[in-house]
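Input: a single structure, listed below in structure tokens.
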Amino acid sequence: MRNLPGFVKRLVIGRALRSEELQETLLPKRLALPVFASDPLSSVAYATQEILLVLTLGGLAYLRFAPWIALAVVALLAVVVLSYRQVVHAYPSGGGSYEVVSVNLGPSAGLVVAASLLVDYVMTVAVSVASGVDNVISALPSLAAHRVPLALGFVAVLTATNLRGVRESGRAFAAPTYLFIASVLVMVATGLVQHALGHGPLAPTAGYGVVPAPGDAGLTGLALLMLVLRAFSSGCTALTGVEAVSNGVPAFRRPKARNAAATLAAMGVTAIVMFAGVTALALIARVRITDDPCRLTGLPGDCHDYPQRTVIAQLAAAVFGGEHSVGLYVVQTATALVLVLAANTAFNGFPLLASILAQHRFLPRQLHNRGDRLAFSNGIVALAVVAGLLLWGYRASVTSLIHLYILGVFTSFTLSQLGMVRHWNRELRAGGGPGAAAAVRRYRTARAVNAVGACVTGLVLLIVLVTKFTEGAWLAVLAAAVLWTTMRGIRRHYDTTSAELAVTDAGDQLVPPSRVLALVLVSRLHRPTLRALAYARAFRPDQLEALTVAVDRTEAADLARQWEEHGIEVPLKVIDSPYREVARPVVEYVRSMRRESPRDLVAVFIPEYVVGHWWENLLHNQSALWLKSRLLFTPGVMVTSVPWQLTSSSRAGRHPGRAPGSVRRGEPHRRA
């Protein structure tokens, strides 16, 4: 039982891997696709739905704009994929948009991208998991009351799987991702063939009408344009996660850049075909879905009790022959799985980006450390915690969370394309040598692609900002701004610390103090106290004394009497404490010693018990911890803990499963 946490850890994440085994965790293309592309592929499940939800605010008449909006989304996705293929080849180190922008537009702009992407990764987990839960509830409506626990449970499973390593998560998630791709493509192909043969599928909601939302009927001019732009910005959720491949290039097998570019191309083609097919099929099948079911007309019962099914669920029921068909359950199962697994893109992108930022000293250095399975465990856990809090706070509602989404990713898209334009300009200026003409043509073509990408994504960013800002996108902007400011502050702290710790004159720093004054803190006379005294003597200080705080004068008198009876030659100093404080009198006494002799060094020795069980710490007070924390802020003072191992700690230390350094320390002394 003593090693139960270690057993559970090994059961969940597996055996620890040596650093030399990192090469074995690299991904082939077939596993990289589900790891890094599950987010853009899974967005097929809700991108079309988001377009329809916005357009039906004005009634069924505005669905005529859906094909054009879908075409614009497809064109934008193609441009972004082409642009990021160039990023992968030009910057294969794995920094992606952050590295491109930092190198070409400056560190501050790079931090804007980093903050935006980190926020977007958090939103990817929240939205993907919430959408996956929606599809689970579409298949099993009885689970609607357990929406939040289901969402948090999915996040926990994703976290545990990713802690096992990138390759392990790729193996675990490959089958559901490929099942989703196959099931959607089969559904789209079957539905389009049925339509071509003259008996196209009809959605279960095809016969329902839609009442326009208040104030959205008969829109014209600018109001109509805003509705269409809003629908377009919602459909652009299909582009989320595209940049993850460029961030994850180091996780690919060699040749890394070529394999990453191939994976990006495969992801782009698959996502475009699936999104275009689902949108076309939804219009053919006359799917009806609204933000409020009470705006649907012709419902068989009370609108408040009507559970709206997702677009994918309605299409599967129409194509495969009813709401209890095998095809429906296959599609719904695959969709629910891949939507949850779409969060895996963020679980790989967020830790990698956080690791690079930590290496550049913009985030805590712990985020650069690899865990037992060579994954960036701290980043994985941090992402899970923040996303879990969002899901809990927003009750795992896709409608509420979606407005916080995609703003960050389009900020990244726009700035990275601008950075690439500057990159190609620099390459063109440096052009020359053999084959210069071919290189110049290649650079100019690449620059044109990135310039178009920058203009288009910049326009989309503006549209998203205008149409979604008041609906909740302001919160994502605020979060990114706070994160940007925090990262700047962290970098300033690390820079200041490095400058302060830098060695300027080693000889001056090695000058010994004039004297060493040793102080042993005592509560009562026992074996730990004597060990601390003996240890302090071994340092041969210029002055040695014991110090106790007289919280109870009777006990202090007894201690002084025992001290004299045992003939201890170290003088005992007793400090009176009428208000029963311990830390303040000790700190004030130490500071007085420093004031009297500023060039002297004060060494404080604190006896401590070492216990073998966590609960044994509860039986001893923690005054030593508080004392040490106070003394560490006193210049010229060294604090040393002198441990006394109890029998329980010895047994724990001999336990074969206990990790080194896992013993617990408690402070039993009532005064010091």
Quiz prompt | P(r) histogram, all alpha-carbon pairs of the chain included - 10 Å bins from 0, percent | solution = 3, 13, 20, 19, 14, 11, 9, 7, 3, 1, 0
Practice problem: Compare the peptides 252-262, 281-291 by average per-residue count of other Cβ atoms within 10 angstrom and give them in order, highest first. | Solution: 281-291, 252-262
Self-check item: Estimated dipole of segment 421-519 in Debye, rounded to 20 [Cβ of Lys and Arg +1, of Asp and Glu -1, Cα centre]
Solution: 680 debye
Quiz prompt | Any cysteine of the chain lacking a neighbouring Cys Cβ under 4.7 Å - listed by number | solution = 236, 455
Quiz item: At what distance in angstrom do the alpha carbon centres of segment 35-94 and segment 566-644 lie from each other?
Solution: 63 Å
Quiz item: Which net charge results for the neighbourhood of residue 441, defined as the other residues with beta-carbon distances under 14 angstrom from its beta-carbon, given Lys and Arg at +1 and Asp and Glu at -1?
Solution: +2
Quiz item: For segment 201-270, what is the Kirkwood hydrodynamic radius in Å, using each pair of distinct C-alpha atoms?
Solution: 16.3 Å
Self-check item: For residue 345, net neighbour charge (Lys/Arg +1, Asp/Glu -1) across residues whose Cβ lies under 12 Å away
Solution: -3
Quiz item: Roughly how many nanometres apart are two label points built 7 Å out from the Cα toward the Cβ at residue 448 and residue 486?
Solution: 4.4 nm
Practice problem: Please work out the FRET efficiency for the pair residue 493 and residue 175, using the Cβ-Cβ distance as r and a Förster radius of 35 Å; give the result to the nearest 0.05. | Solution: 0.20
Quiz item: So in the chain, what percent of DSSP beta bridges are antiparallel if you round to the nearest 5?
Solution: 15 percent
Quiz prompt | Label-reachable residues, segment 297-335, where backbone N falls under 19 Å from a point 7 Å from residue 197's Cα toward its Cβ | solution = 315-323, 325-328
Quiz item: Given the Cα-Cα distance of residue 326 and residue 557 and 0.36 nm per residue of separation, how much length would full extension add, in nm?
Solution: 74.6 nm
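Taking the Cβ of residue 487 as the center, what net charge do the other residues with Cβ under 14 Å away carry, scoring Lys and Arg +1 and Asp and Glu -1? Intermediate values should be presented prior to the final figure.
On the way: positive: 361, 365, 488, 491, 492; negative: 495.
Around residue 487, the surrounding residues sum to +4.
Every read-out reported here was derived from the displayed coordinates using simple, explicitly stated rules and does not represent laboratory data. All of these numbers come straight from a predicted model, not from anything done at the bench. Ideal geometry is used to build each Cβ from the backbone, glycine not excepted, and the neighbour counts take in all protein chains shown.
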